[in-house]
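Step one of this worksheet: look at the structure below.
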Amino acid sequence: MKADPAPKSPGWRYFLQEKVLVIFFLGFSAGLPFPLVYSTLSAWLEEAGTQRSTISTFAWLGFAYSLKFLWAPIVDSTRLPFLTRILGRRRSWMLLAQLSIGGALVVMSGVDPAANIQAFALIAFAVAFASATQDIVIDAYRIESAATDMQGVLAAAYQYGYRISLLISMAGALYMAEFASWSATYLAMAGCMGVGILTTLWCREPAETAVRDYKGETFAEKAASWFLVSVVEPLADFGRRFGRFAIVLLVFVSFYRISDYVLGILANPFYLDIGFSKSQIATVAKVYGAWVTIAGIGLGGWAVLKFGVARCVVTATILIASTNLFFAAMVITGPKLWMLAVTISADNIAQGFGGTVLIAYLSSLVNVSYTATQYAILSSIMSLLPKFVAGYSGEMQEWLGWLGFFLYAAGLGIPAILLAIYVSRKHDGLVGEGPVH
């Protein structure tokens with residue numbers, strides 16, 4: 001499974017190909033909803049007077065992303081009436097998911113969490129579910145749209161779009177909430193989903209990778225055939241290709257970003273608690289942080305092209321875990337803008353680098369015949385354990401205090417580092433570079 005040779009020094013026109021621009025804008029659409037059910041949402045809840053132990057339980061909304069492998073086979077194999085005939089299999093599901101996200105955000109903007117936290121949580125889950133469905137399709141579209149030699153570039157393009165949209169739904173949302181209201185802010189974010197909708201209508205449908213044949217005379221027989229072709233075969237294929245090493249891969253993926261997720265749900269409450277204003281957070285942590293993240297993404301894309309994805313995973317896990325220590329230092333220094341800038345610089349470079357490496361790494365593991373299902377399984381496993389542990393971040397912070405909490409978050413990254421070292425040594429011989437075509 002050796003990849004096609006990747007260009008070591010591609011010219012700037014290489015990055016302006018239509019497929020690269022499409023993935024950039026789809027990355028924007030994928031990134032926009034995430035903070036609106038995660039960090040930005042936690043700031044809204046903090047200002048609404050919600051207890052931190054309750055705020056941290058909203059991290060469990062992320063289970064929609066972590067469990068998306070459960071309905072990925074449906075997205076991978078089901079043709080939507082009318083839409084599929086006009087747009088194709090991938091684009092029809094993308095459009096449905098994007099319209100659902102925008103609609104749910106509009107409804108969410110009209111609900112006061114202080115008055116009805118249950119309804120608020122239910123609508124937030126609808127946003128997360130539709131967003132996770134969009135992720136399934138965009139990941140499949142990205143992998144199917146280009147040969148293996150472009151996957152690192154497409155991963156970087158996706159991350160660039162993703163991070164720019166985070167700038168809008170994190171910094172932009174905080175700025176707007178400072179001078180307007182949270183309801184108006186979420187209504188504006190719903191409008192921003194138009195970027196993804198227009199891109200979906202503009203882009204081309206990738207070529208069909210396989211024709212799925214569901215045999216059987218009765219509904220039960222056809223359902224069983226669908227389960228075999230869409231669920232069992234993708235899992236069996238992964239097991240056949242990697243053997244026992246598949247278990248090690250799955251464990252490694254599950255620990256890859258655990259320290260990052262555990263800290264992330266309480267980042268905004270931490271900034272507010274130690275004395276930073278929303279505008280300061282937006283300027284330094286979000287606006288400046290977005291540009292630093294973009295630098296990290298570029299560094300990650302370059303490193304994957306230069307050194308290969310296997311070597312980069314070790315560096316990524318070290319960066320992700322160690323940058324938590326900067327937050328611990330900020331507890332000691334207090335609300336100093338220079339320390340916030342240093343912390344954000346380290347943390348966001350690690351996020352940008354680690355995110356690009358992760359996308360390229362997961363893409364190298366999938367068989368393109370089962371793109372949506374296998375990638376959804378891998379990305380779900382990546383977030384399942386971290387999201388579960390992050391749900392208890394509020395209780396851990398109340399028990400340990402801020403300093404102890406950040407040391408705890410850093411320590412959670414140690415297993416990922418050790419597994420990365422082992423996986424990187426085995427990768428070239430057992431895994432190869434690039435998705436199977």
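FYI, it's all coordinate maths here, none of it is from the lab. Not measured: the values here are computed from a predicted model. Here Cβ is always computed from backbone atoms with ideal geometry, including for glycine, and neighbour counts include all displayed protein chains.
Largest GNM mean-square fluctuation among 142, 204, 163, using the chain with Cα springs under 10 Å: 204.
Under the simplified labelling scheme, the residue 306-residue 202 pair shows an inter-label distance of 3.2 nm, with each label point 7 Å from Cα along Cα→Cβ. Rg/Rh, computed from the Cα trace of region 298-437 with Rh as the Kirkwood radius, has the value 1.03. Where in the chain lies the longest segment free of GluC sites (Glu not before Pro) that are both loop residues by DSSP (not H, G, I, E, B) and have at most 11 other Cβ atoms within 10 Å? The segment 218-437 is the longest one with no such site.
Measuring nothing but how far apart in sequence close Cα pairs (under 8 Å, 6+ apart) lie, relative to its length, region 308-370 scores a relative contact order of 47 percent. Counted by neighbouring Cβ atoms within 10 Å, the residues 50, 323, 84 run from fewest to most as 84, 50, 323.
Expressed as a whole number of Å, what is the distance separating the alpha-carbon centroids of region 231-307 and region 14-77? Comparing the Cα centres of region 14-77 and region 231-307, I get a distance of 12 Å. Model label points for residue 247 and residue 99, set 7 angstrom from Cα along the Cα-to-Cβ axis, are 4.6 nm apart.
The H on the amide N of residue 367, modeled in the peptide plane, is under 5 Å from the matching H of 436, each at least 5 residues off or on a different chain. Extension gain, residue 85-residue 117: 0.36 nm per intervening residue step, less the Cα-Cα distance, totals 7.5 nm.
Rg over Rh of the chain, using C-alpha atoms and the Kirkwood radius, what does it come to? Walk me through the numbers on the way to the answer.
Working: Rg = 20.9 Å, Rh = 21.9 Å.
Dividing the radius of gyration by the Kirkwood radius yields 0.96.
When the chain is treated as a Gaussian network with alpha carbon springs shorter than 10 Å, the biggest mean-square fluctuation among 72, 282, 184 belongs to 184.
Distance between the 7 Å Cα→Cβ label points at residue 329 and residue 78: 5.0 nm. Compute the label zone of residue 184 within region 22-42: residues whose backbone N is under 19 Å from the point 7 Å along Cα-to-Cβ. Counting only backbone N, you get 41.
Measuring between alpha carbons in the structure, the pairs from 19/68; 336/387; 68/306; 286/336 lying more than 27 angstrom apart are 336/387; 68/306.
Which angle from 0 to 90°, rounded to the nearest 10, does the C-alpha axis of helix 18-31 make with the longest principal axis of the chain? Rounded to the nearest ten degrees, it is 50. Calculated from the alpha-carbon coordinates, region 10-149 shows an Rg and a Dmax of 17.3, 55 Å respectively. For helix 337-365, what angle does its Cα long axis make with the longest principal axis of the chain, in degrees from 0 to 90 and rounded to 10? Taking Cα atoms only, the helix is inclined about 10 degrees. The ranking of 93, 202 by Cβ neighbour count inside 10 Å, starting from the fewest, reads 202, 93.
Of the peptides 285-291, 232-238, the order by per-residue mean of other Cβ atoms within 10 Å, starting with the highest, comes out as 285-291, 232-238. Within region 175-192, which residues have the backbone N less than 19 Å from the label spot 7 Å out from residue 337 along Cα→beta-carbon, could you tell me? Within reach of a label on residue 337: 175-176, 178-179.
Taking 275, 264, 301 as the candidate residues, the one with maximal mean-square fluctuation in a Gaussian network model of the chain, Cα springs under 10 Å, is 275.
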